[in-house]
Amino acid sequence: MPPISEEDFPKIDAAMKRIVDAKLPFARRLASKDEALEFYRNEPYKTELIQDLADGTISLYTQGDFTDLCRGPHVPHTGFVKAVKIMKTSGAYWRADAKNAQLTRIYGTAFFDKKELSAYLNFLEEAKKRDHRKLGAAMDLFSFHDEAPGMPFFHAKGMAVWNALLDYWRLEHRRAGYVETKTPVMLNRTLWERSGHWENYRENMYTSVIEDVQTAIKPMNCPGGMLLYAMGHHSYKDLPIRAGEIGLVHRHELSGVLNGLFRVRAFHQDDAHIFMTPEQIRPEILGVLRLVDRIYSTFGLTFHLELSTRPKKSIGSEAQWKDATEGLAGALSEYGKPYKINEGDGAFYGPKIDIHIKDAIGRTWQCGTVQLDMNLPERFDLGYIGADNARHRPVMIHRVIYGSIERFFGILTEHFAGRFPLWMAPVQAIVLAMNDELAAYAAEVRSDLEESGLRVDLDARSESIQKKVRDAQLSLVPLILTVGAKEKENGTLSVRTLDGKVRYGVSREAFLNTVLGHIARREIGQDIFP
RNA sequence: GCCCACGUAGCUCAGUCGGCAGAGCGCAUCCUUGGUAAGGAUGAGGUCAUCGGUUCGAUUCCGAUCGUGGGCUCCA
């Protein structure tokens, strides 16, 4: 039998409709394990499931001429099913284990009524319209090439957005007492053996041998950060040290998991390592949470927090874990936002707080994470001299806020559906020349505006003004500036925003005042002019 | 990595049951010189992803490879 493909979906949908229309009752029957095994003797997968069930009675549901093994409960008859649709198919491993056979899974979805189903289909449609891969290509932000799968190329316009993100990041981090560092991308094997990555993370690492020296391209920034801290001596008076790093890391992800900017093989982390005394855990974590809040709010992103505690397989003493976990929990309760606890979901080297943001269409994404690390300071024998003149082990946290900058870029593109806030828009304004005679003047206006720091394009093509407005509008440039004879005579601009409103006769001073203020405050509203 | 699908112009996509490759948009040139979502004409642009096989002949059929998409698995 050929595998089921999308061409079969209409047939399946039609068959489901017939079954629903027939209002077939679901009959529940209890069977013993032996009876059930006998009933399904020709079905190896059912047999395996039944064998794993506890002894006792097993429930079977019959509907028409089909009987299924199911714990239930079921609705009384098939007529209760109101809105179903077959969505897609894929390969799926039996019992979710890659070592097992791969079966074809058919995905369907069901709702209480047709309205909810169509709302869901609209949501999918909306998500598709916002797809950052589509917008990224259309807006000339980034691309992928066969020569480096999973490693994005950022174009000039994409870099404008990128730099806006990083300028803002650096500003907030300076204000929060961070310094910025940079460590190499390629480091010797000995370092990775010491950090434990060689043992635990090697299959994801790109390696190379040059002049008999084995090196690896870093999949994480921490080991390099350890070397920086380990230089010289540190006094308790120097702590905490907050060292940020926009680090470029490479991870060999399986080819099948690559997905636009969301899952890549080369990306930048907005990393930071904070080295501190145990007493500083709580205030430092609190500081990170406040920074996270501040930064996400700037993008209009709400978020929730999850605390993950000690897993079964882990290192460190009970007392260390207690202190660390209480430090995180204490900071969380002082911060005051409710949080969820994931028991046993922490990293093997320490507990962590994950931050999940919610975008404009309600999807959640884990971006930020704050992890306490009781492993690396040990492995790298880090120390500081305490007030008692003795050497102590610092506590360390790793934290990211954007997470992967590439991924965050993608999330923001979809969050804003390409309509970036003015401060991060790839092109902030475009000057349209009313006709050919005004092309030179329009070019002047453009360079004047560029001198004020704006990112400005020029459209002086011999096209109708309607055409140029349409193109600018479709390319999502927030400020569309038209200069004609009147504007030239009066030194004014006509300003069109993406909502289609046009203000005529705006003086350049008034324009720059409004726009530069809006940018400096990093406002996210599209209503730039009152 | 695994399953399924896909890969034709810069973009979106037709098409060829095996016989000289198509449209719209974009681009170039010319005409038009306009007041806020598409003015007109002409033209250039293709190794039909790559490699191999079958065939008189392959963009089309077959195989492999690479890449992309949807999933699975993975995700310190």
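Annotations for the structure displayed:
- D_trans [Stokes-Einstein, Kirkwood Rh over alpha-carbon pairs] for the range A:174-271, 25 °C, 0.890 mPa s, µm² s⁻¹: 163 µm²/s
- A Förster radius of 22 Å combined with the Cβ-Cβ distance from A:Val213 to A:Ser255 puts the calculated FRET efficiency at roughly 0.15.
- Carbon plus sulfur fraction of accessible area for the range A:338-452, probe 1.4 Å, in percent: 46 percent
- Rounded D (µm²/s) - the range A:132-203, Kirkwood Rh over Cα pairs, Stokes-Einstein at 25 °C, 0.890 mPa s: 157 µm²/s
- Treating each Cα of the range A:220-261 as one equal point scatterer and applying the Debye formula with no solvent, the log10 of I(q)/I(0) at q = 0.18 Å⁻¹ comes out as -0.68.
- Loop sites in the range A:202-293: GluC sites (Glu not before Pro), DSSP, at most 13 other Cβ within 10 Å: A:Glu211
- Cα shape, the range A:225-343, gyration tensor, a/c 1.5 rule: rounded
- Taking every alpha-carbon pair under 8 Å whose residues sit at least 6 apart, chain A reaches a relative contact order of 11 percent.
- Whole-number percent relative contact order across the range A:181-230, with pairs defined as alpha carbons under 8 Å at least 6 apart: 43 percent
- Taking amide H as placed 1.01 Å from N in the peptide plane, the amide H of A:His252 sits under 5 Å from that of A:Met205, A:Tyr206, each at least 5 places away or on another chain.
- Pairwise FRET efficiency - A:Ser118 versus A:Arg470, Cβ, R0 = 35 Å, nearest 0.05: 0.70
- Check: chain A dipole with +1 on Lys, Arg Cβ and -1 on Asp, Glu Cβ, in debye: 940 debye
- Estimated dipole of the range A:288-441 in Debye, rounded to 20 [Cβ of Lys and Arg +1, of Asp and Glu -1, Cα centre]: 340 debye
- Debye log10 I(q)/I(0) at q = 0.07, 0.09, 0.12, 0.13 Å⁻¹ for chain A, Cα point scatterers: -0.59, -0.90, -1.22, -1.28
- Taking 0.36 nm per residue of separation and subtracting the Cα-Cα distance, full extension of the segment from A:Gln51 to A:Glu193 would add 46.7 nm.
The values are calculated or read from the model by the stated rules, or taken from the named source; none is laboratory data. Because the structure is a prediction, the values reported are computed rather than measured. Cβ atoms come from the backbone with ideal geometry, glycine included; neighbour counts cover every protein chain shown. Please note that ligands, DNA and RNA were not included when accessible areas were found on the heavy atoms of the full protein model with its side chains. Shrake-Rupley method; radii C 1.70, N 1.55, O 1.52, S 1.80 Å.
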